[in-house]
Amino acid sequence: MQIYLPIAEVSVNAFTLVGLGGLVGLMSGLFGVGGGFLITPLLFFIGIPPAIAVATGANQVVASSVSGVLAHVKRKSVDFRMGGVLLAGGLVGSWLGVWVFTILQQVGQIDLVVQLCYVVFLGLIGMMMLQESIRALRRSSKPGHRRRLHQHNWVHRWPVKVKFRASGLYISVFPPLLVGLAVGVLAAIMGVGGGFIMVPAMIYLLGMPTKVVVGTSLFQITFVTAFTTIMHAVSYNTVDMMLAVLLIIGGVVGAQFGTTLGARLRAEQLRILLALLVLAVCGKLALDLFLTPDDLYVVQQGIG
């Protein structure tokens, strides 16, 4: 069933969009990521202009994250204090990211920069996550292996420490603020929730236990991407509501299935699956950048 998207100015299959939303919702509930790192490139692949994909993809991430975080609140696996600190940094980062997005759009380089950002960030994060996950899986399979709950590093020596009871941490507020700031910038420029960076940072940098990482990540992602969507809609009118509604329908349902499935898998297995998915998307984007396109010249109406 083909439908016309008025803002994106393209015709697409409605069931394809619902299916994409469902897949991203599944990833949201399963891994604790908003799914923007997946939905935005997938929208590129089906012909949605990058500026529209970024803004509308962020809108869909909100719905998937809300659905996922509600399921985690019921399981009491959300650290609201940590989520609040991450959110404070994320809102500032979103504002900065929208400002950078404006500059890139004015100079006509937004499409190339967005795709390059995806290739670089997904490649780095995917390789690091895969390497660490395989090591963790090997360590956990050894008999008599005893895993330390927290690895103390330079981050734990920063000043202004706060007790995060749900995570069992006593660390400075500055590292979570910086993580939130970085995620906010990425949310605005790349249309992502930032979970593919925040989840590894929360586990390996902040030392949070995996059981509260997923829910806390989704809590922060919900508010940051909502703020980002509003900024894009008001500033550029790049949110296609017809596209957003179809993605949201699939995303809300998929997130519930993902949360249920995630409770049945080991943390190490979840990390390996996420790393492989990140690398697969990165490879497809990199391939598209280097291959010669079918149409060398495209006339496209400006967005502004």
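The values are calculated or read from the model by the stated rules, or taken from the named source; none is laboratory data. Note that the structure is predicted; figures quoted are calculated from it, not measured. Glycine gets a Cβ as well: all are built from the backbone with ideal geometry, and neighbour counts include every protein chain shown. Heavy atoms of the whole protein, side chains included, go into the accessibility calculation; ligands, DNA and RNA do not. Shrake-Rupley method; radii C 1.70, N 1.55, O 1.52, S 1.80 Å.
The table for this structure:
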item: Sole residue being among the hydrophobic types (A, V, I, L, M, F, W, C), farther than 17 Å from PRO200 by Cβ and either under 27 Å from the mean Cα position of the chain (by Cα) or at pLDDT below 80 (or both), chosen from LEU169, LEU137, LEU177; result: LEU177
item: Of all residues making up the stretch 188-211, the number that are modelled with pLDDT of 75 or more, assigned to a helix (DSSP H, G or I) and either within 24 Å of VAL98 (Cβ to Cβ) or open to solvent by less than 10 Å² (accessible area, probe 1.4 Å) (or both); result: 6
item: Matching residues, the stretch 233-255, being part of a helix (DSSP H, G or I) and of a type in the set (S, T, N, Q); result: SER235
